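A.B. asks: Got a structure here, written out as structure tokens. Questions coming.
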Amino acid sequence: MPLLEARGLTKIFGTLRACDHIDLKIGRGEIHALLGENGAGKSTLVKMLFGALEPTEGSILWKGEQVAVSSPREARRIGIGMVFQHFCLFDALTASENILVSLDDPAPAGAVTARARDISKAYGLPVDPNAHVGDLSVGERQRIEIIRCLLQNPELIILDEPTSVLTPQEADRLFEALEKLKEEGRSILYISHRLEEVKRICDRATVLRQGKVVSECDPRKETASSLARMMVGNEVQPVVRDKPAVQSEALLEVRDLDRKAGHPFAVALSGINLSVRAGEILGVAGVAGNGQGELFEAVSGEALQERADQVRIRGKDAGRRDISERRLMGAAFVPEERLGHAAAPAMTLSQNLLLSRYRTDARAFLNRLGMIRNSLIAHAAQRVSSAMDVRKGVEDPEASALSGGNLQKFVIGRELDRQPLVMVVNQPTWGVDAGAAARIRQALIDLAKSGSAVLVISQDLDELFEICDAIAVMHGGRLSAPIPIGDATYEKIGLLMGGAEPGHAAVSQAEAV
Amino acid sequence: MFEAILITIATAATPLLLASMGELVVERSGVLNLGVEGMMIMGAVTGFGVAAMTGSAWLGVFAAAIVGTLFSLLFGFLTLTLVTNQVATGLSLTLLGLGLSSMIGESFVGRAGVRLGALDIPYLTEIPYIGRLIFGQDPLCYISLLLTAGVSWFLFRTRAGLTLRSVGDNHSSAHALGIPVIRIRYLAVMFGGACAGLAGAYLSLVYVPQWVENMTAGRGWIALALVVFASWRPWRVLAGAYLFGAVTIGQLHAQALGYGIPPQLLSSLPYLATIIVLVLISRNRRLTMMNTPASLGRPFVPDR
């Protein structure tokens with residue numbers, strides 16, 4: 001008898017069938033993978049299992065008996081724990097307060113902290129109980145989530161994309177903890193789109209596509225590409241990369257950049273140097289929250305520098321110029337947040353196109369009186385959409401109506417449409433499905449091939465290895481010397497992400513550059 | 001003389017302290033209720049009316065708290081259940097309160113009120129110098145001090161307080177953990193309403209035992225500012241309220257002595273002084289950020 005069984009679970013939002021008659025069986029002491037693209041219904045499914053959403057139809061059996069999981073509290077009571085992808089933590093509370101607030105039994109604070117400490121030791125999950133969560137790294141935050149979940153002594157633990165924010169070494173440590181939990185007879189539902197990982201640690205896999213179960217298999221007997229095919233439904237176009245013709249001329253330079261932390265949760269930058277040459281793609285790796293956002297703000301001109309020569313674009317000082325002026329110098333920028341930063345959610349695609357380009361393309365989009373030429377921006381938006389294969393329901397939808405992947409294709413295409421000589425992108429494919437991600441990466445490679453300098457800031461190491469000519473690593477507001485892709489290994493990059501001092505290889509490389 | 005001044009300072013500070021302490025709890029839960037002024041003035045007119053009609057000041061106090069709660073429930077229903085904009089709703093609540101209280105209180109104008117007497121403990125109150133100061137204040141003054149201690153203890157020492165702070169910090173996380181966000185916010189809003197009602201009753205039953213139209217005179221707004229500038233910490237609110245009280249009384253005496261300073265300037269002094277001091281206290285941005293309820297004023301719609 002399986003520990004948990006879902007029968008015909010269905011959730012309908014308006015007209016969208018997020019989950020459509022899903023059957024799922026999780027055995028005892030098994031690590032069960034739940035695979036699927038973004039929007040395949042994984043999150044909706046686990047939210048129903050955890051009682052955060054109410055199923056429209058279908059039933060859940062727990063140890064063979066039908067149960068109504070009416071709330072997360074109820075789920076915890078019967079023995080289901082969950083570690084969320086977007087952590088359910090409170091920045092202003094301390095680690096131990098975060099643990100305390102989630103518990104249903106009114107045990108005294110001292111006893112809970114002691115139990116948390118035991119769990120933290122037993123599973124190798126160190127956390128400072130008095131630290132405010134806002135000050136902690138993503139890896140530490142995840143440990144709090146896991147400890148919080150284990151305190152309830154759950155028989156089934158749901159992990160939603162647990163490794164997407166971890167360094168390879170941190171992920172290894174997590175896998176060790178998971179193995180320990182499995183040995184104790186607990187079951188784990190493991191949601192991920194990292195197929196190698198799934199093959200490595202999971203015993204069974206259920207693959208979802210467009211809200212339906214398309215396959216149940218043993219991931220160890222599958223290949224990564226056969227799993228990907230099940231998820232996507234067809235072959236993912238591999239990214240093609242020729243030997244790049246990197247030229248000597250540096251188009252984007254950052255020199256001795258220092259920046260104080262603007263607010264208590266921000267990271268200060270210190271001594272950052274980088275240069276990206278024509279035809280080159282430089283990657284900046286690092287665990288989220290190590291200063292990547294601050295670096296992007298400094299390079300894009302959202303934050304100005306103290307000295308003009310700290311940021312140079314096409315050989316000219318740009319440190320004191322704002323975003324529009326830097327754009328006029330031939331640069332283009334795509335920030336991390338699609339909705340609210342790169343695009344205004346309630347405005348249409350064509351209006352969003354104008355927002356980022358009304359200065360650089362004023363002559364094309366505005367008439368002599370400064371009035372907007374609507375037909376021209378609509379036409380340009382259409383051009384961007386077809387170039388990047390943006391799928392949309394209506395001609396000119398609001399930005400918020402697009403799925404994440406399609407909007408990301410649009411905001412990147414909007415900048416590419418100008419053929420920028422310098423392109424800076426932060427997290428180009430974060431939360432984007434495989435097909436769209438491949439499209440975006442190919443576009444960045446093509447741009448570099450045409451002689452532009454591209455700076456890609458990303459947490460996704462696979463992505464950086466796929467497209468970059470060299471990778472530098474950010475940690476604690478400092479940037480390592482770039483490591484040419486030929487010398488870079490996951491281990492080397494992973495160690496730098498974890499804060500290790502750059503070894504010989506990186507240092508000698510710095511001298512060569 | 002000096003003793004009398006000190007006693008009146010407490011009288012000027014107490015209504016602010018009561019209203020701010022309620023609003024502090026409301027804002028800690030993530031709700032911004034700008035209707036404090038409106039709830040206060042409704043408390044004032046109710047307190048005066050009920051006390052005058054029954055002859056019992058305590059009944060007036062009690063009724064004021066109930067009316068304040070009812071008024072805040074209206075706000076809660078609009079902003080929490082119907083998810084209207086909190087700022088706009090709070091402002092309308094103030095306007096509604098001011099208008100409604102003028103209408104209800106029309107016949108009260110000029111009528112003699114009932115005063116809530118000060119405490120009088122034999123022997124203790126008669127101790128020279130400090131007796132009246134420590135043992136001879138009105139009961140609501142002591143209640144407001146106990147309230148400060150109680151709120152501080154509740155917020156930072158109890159599980160329920162932790163839950164309330166978590167809702168104010170991140171309502172989505174709280175919801176995902178199964179914490180009843182809306183219910184907790186309703187309770188916080190009602191507490192805020194009751195406190196504002198009490199503060200109003202204090203004005204019309206202790207401060208000046210009569211009914212004057214618009215007698216809150218912006219104290220609800222000062223209470224709101226106090227909460228923010230005190231970084232949502234109860235003891236700082238207390239300090240701010242007593243500072244305001246001290247400068248209010250001080251400038252009254254200065255006006256009486258007549259130093260040739262324009263009275264308008266002197267009257268604005270308490271507001272200026274309080275805000276300047278609290279701005280200086282809240283300079284520590286880290287502390288302020290740790291204490292600012294991150295969900296403050298953001299609407300919450302659970303997805304189910």
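A.B. asks: So, in segment B:252-290, exactly how many residues are modelled with pLDDT of 80 or more and of a type in the set (D, E, K, R)?
C.D. replies: Qualifying residue count, segment B:252-290: 0.
A.B. asks: Something else: Name the pairs whose Cβ atoms lie under 7 Å apart, with the first residue in segment A:158-181 and assigned by TED's automatic domain parsing to the domain that holds A:GLY79, the second assigned to a loop (DSSP other than H, G, I, E, B) and of a type in the set (Phe, Trp, Tyr), and 6 or more positions between them or separate chains?
C.D. replies: Pairs found: A:ILE158/A:PHE50; A:ASP160/A:PHE84; A:ALA177/A:TYR123; A:LYS180/A:TYR123.
A.B. asks: While we're here: Quick check on this structure: which one of A:PRO55, A:PRO72 is over 20 Å from A:PRO162 (Cβ atoms), buried (at least 19 other Cβ atoms within 10 Å of the Cβ) and of a type outside the set (A, V, I, L, M)?
C.D. replies: Only one candidate qualifies: A:PRO55.
A.B. asks: Would you call A:ALA362 surrounded by fewer than 15 Cβ atoms within 10 Å (Cβ to Cβ) and at pLDDT below 90?
C.D. replies: So A:ALA362 passes the test.
A.B. asks: Sticking with this structure for a sec: Do you know which residues across segment A:133-165 are out of contact with any strand residue (DSSP E or B) (no Cβ under 8 Å at 6 or more places or on another chain) and of a type in the set (Asp, Glu)?
C.D. replies: Matches in segment A:133-165: A:ASP135, A:GLU140.
A.B. asks: List, please: which pairs have Cβ atoms under 8 Å, are six or more places apart or on different chains, and start with a residue in segment A:37-58 that is within 14 Å of chain B (Cβ to nearest Cβ) and end with one that is hydrophobic (A, V, I, L, M, F, W, C) and surrounded by fewer than 20 Cβ atoms within 10 Å (Cβ to Cβ)?
C.D. replies: The qualifying pairs are A:THR56/A:ILE12.
A.B. asks: Also: Go through segment A:96-128 and give me each residue that's more than 14 Å from every other protein chain (Cβ to nearest Cβ), surrounded by fewer than 18 Cβ atoms within 10 Å (Cβ to Cβ) and assigned to a loop (DSSP other than H, G, I, E, B).
C.D. replies: Of everything in segment A:96-128, those that are more than 14 Å from every other protein chain (Cβ to nearest Cβ), surrounded by fewer than 18 Cβ atoms within 10 Å (Cβ to Cβ) and assigned to a loop (DSSP other than H, G, I, E, B) turn out to be A:GLY124, A:PRO126, A:ASP128.
A.B. asks: Give me the pairs: first residue in segment A:288-303 and part of a loop (DSSP other than H, G, I, E, B), second residue acidic (Asp, Glu) and surrounded by fewer than 22 Cβ atoms within 10 Å (Cβ to Cβ), beta-carbon distance under 9 Å, and six or more apart or on different chains, which are they?
C.D. replies: A:GLY301/A:ASP322; A:GLY301/A:GLU325; A:GLU302/A:ASP322; A:ALA303/A:GLU297
A.B. asks: Whether any residue in segment B:39-49 is farther than 17 Å from B:ALA223 by Cβ, in contact (Cβ under 8 Å) with a residue 24 or more places away in the chain, hydroxyl-bearing (Ser, Thr, Tyr) and part of a helix (DSSP H, G or I) is what I want to check.
C.D. replies: yes
A.B. asks: Also, I was wondering about something else. Going by the conditions given, is B:ARG132 under 27 Å from B:ALA51 (Cα atoms), more than 10 Å from chain A (Cβ to nearest Cβ) and either more than 22 Å from the chain's Cα centre (by Cα) or not in a loop (DSSP other than H, G, I, E, B) (or both)?
C.D. replies: The answer is yes for B:ARG132.
A.B. asks: Which of the residues spanning segment B:80-91 are over 18 Å from the mean Cα position of the chain (by Cα) and buried (at least 18 other Cβ atoms within 10 Å of the Cβ)?
C.D. replies: Residues satisfying the conditions are B:LEU80, B:GLN86, B:THR89.
A.B. asks: Taking into account only those residues within segment B:253-264 that are in a helix (DSSP H, G or I) and touching a helix residue (DSSP H, G or I) at 6+ places or on another chain (Cβ under 8 Å), which is nearest to B:LEU6 (Cα to Cα)?
C.D. replies: B:HIS253
A.B. asks: Go through segment A:217-238 residue by residue and tally those that are more than 20 Å from A:ARG439 (Cα to Cα), in contact (Cβ under 8 Å) with a residue 60 or more places away in the chain and out of contact with any Leu (no Cβ under 7 Å at 6 or more places or on another chain).
C.D. replies: Here the count works out to 0.
A.B. asks: Given B:LEU198, B:LEU164, B:LEU203, which one is within 22 Å of the chain's Cα centre (by Cα), within 14 Å of chain A (Cβ to nearest Cβ) and of a type in the set (A, V, I, L, M)?
C.D. replies: The unique qualifying residue is B:LEU164.
A.B. asks: When you scan segment B:172-184, how many residues do you find that are at the interface with chain A (Cβ under 10 Å from one of its Cβ atoms) and part of a helix (DSSP H, G or I)?
C.D. replies: Total satisfying the criteria: 5.
A.B. asks: If you check B:LEU17, B:LEU34, B:LEU6, B:LEU24, which single one turns out to be modelled with pLDDT of 95 or more, hydrophobic (A, V, I, L, M, F, W, C) and under 17 Å from B:PRO270 (Cα atoms)?
C.D. replies: Unique residue meeting the criteria: B:LEU17.
A.B. asks: Right, here's the next one. With the condition kept exactly as written, say whether any residue in segment B:246-263 is of a type in the set (S, T, N, Q), touching a residue at least 60 places away in the same chain (Cβ under 8 Å) and either within 14 Å of chain A (Cβ to nearest Cβ) or in contact with a strand residue (DSSP E or B) (Cβ under 8 Å, 6 or more places away or on another chain) (or both).
C.D. replies: Checking segment B:246-263: not a single residue is of a type in the set (S, T, N, Q), touching a residue at least 60 places away in the same chain (Cβ under 8 Å) and either within 14 Å of chain A (Cβ to nearest Cβ) or in contact with a strand residue (DSSP E or B) (Cβ under 8 Å, 6 or more places away or on another chain) (or both).
A.B. asks: Give the residues of segment A:400-415 that are surrounded by fewer than 22 Cβ atoms within 10 Å (Cβ to Cβ) and in contact (Cβ under 8 Å) with a residue 60 or more places away in the chain, sorted by residue number.
C.D. replies: The answer is A:SER400, A:SER403, A:GLY404.
A.B. asks: Let me ask another. Please go through segment A:33-79 and pick out each residue that is of a type in the set (Ser, Thr, Tyr) and either more than 22 Å from A:MET231 (Cβ to Cβ) or in a loop (DSSP other than H, G, I, E, B) (or both).
C.D. replies: Answer for segment A:33-79, where residues must be of a type in the set (Ser, Thr, Tyr) and either more than 22 Å from A:MET231 (Cβ to Cβ) or in a loop (DSSP other than H, G, I, E, B) (or both): A:THR56, A:SER59, A:SER70, A:SER71.
A.B. asks: For segment A:76-84, check the following and say yes or no: at least one residue is of a type in the set (Lys, Arg) and within 12 Å of another protein chain (Cβ to nearest Cβ).
C.D. replies: Looking for residues that are of a type in the set (Lys, Arg) and within 12 Å of another protein chain (Cβ to nearest Cβ), one finds at least one in segment A:76-84, hence yes.
A.B. asks: Moving on to the next point. Can you find a residue in segment A:159-171 that is closer than 30 Å to A:THR44 by Cβ, touching a Lys or Arg at 6+ places or on another chain (Cβ under 7 Å) and modelled with pLDDT under 90?
C.D. replies: yes
A.B. asks: Within segment B:136-160, track down each residue that is among the charged types (D, E, K, R) and not in a helix (DSSP H, G or I).
C.D. replies: Scanning segment B:136-160 gives a single hit, B:ASP138.
Rundown of residues vs (1) farther than 24 Å from A:ILE471 by Cα; (2) basic (Lys, Arg), yes/no style:
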{"site": "A:LEU251", "(1), (2)": "no, no"}
{"site": "A:GLY262", "(1), (2)": "yes, no"}
{"site": "A:ALA278", "(1), (2)": "no, no"}
{"site": "A:ARG307", "(1), (2)": "yes, yes"}
{"site": "A:GLN310", "(1), (2)": "no, no"}
{"site": "A:ILE323", "(1), (2)": "yes, no"}
{"site": "A:GLU336", "(1), (2)": "no, no"}
{"site": "A:ALA346", "(1), (2)": "yes, no"}
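A.B. asks: Cβ-Cβ below 7 Å, separation at least six or inter-chain, first residue in segment A:368-394 and surrounded by 10 or more Cβ atoms within 10 Å (Cβ to Cβ), second in a helix (DSSP H, G or I) and of a type in the set (Ser, Thr, Tyr): which pairs?
C.D. replies: If the second residue must be in a helix (DSSP H, G or I) and of a type in the set (Ser, Thr, Tyr), the pairs left are A:ILE377/A:SER350; A:ALA378/A:SER350; A:ALA381/A:SER350; A:LYS392/A:SER385.
A.B. asks: Looking at (1) surrounded by fewer than 17 Cβ atoms within 10 Å (Cβ to Cβ); (2) away from chain B (no Cβ under 14 Å), which is the one condition that is false for A:VAL287?
C.D. replies: It is condition (1) that A:VAL287 fails.
The values are calculated or read from the model by the stated rules, or taken from the named source; none is laboratory data. Just so we're clear, the structure is a prediction, and the values are computed from it rather than from any experiment. In this analysis, Cβ positions are derived from the backbone assuming ideal geometry, glycine residues included, and neighbour counts consider all displayed protein chains.
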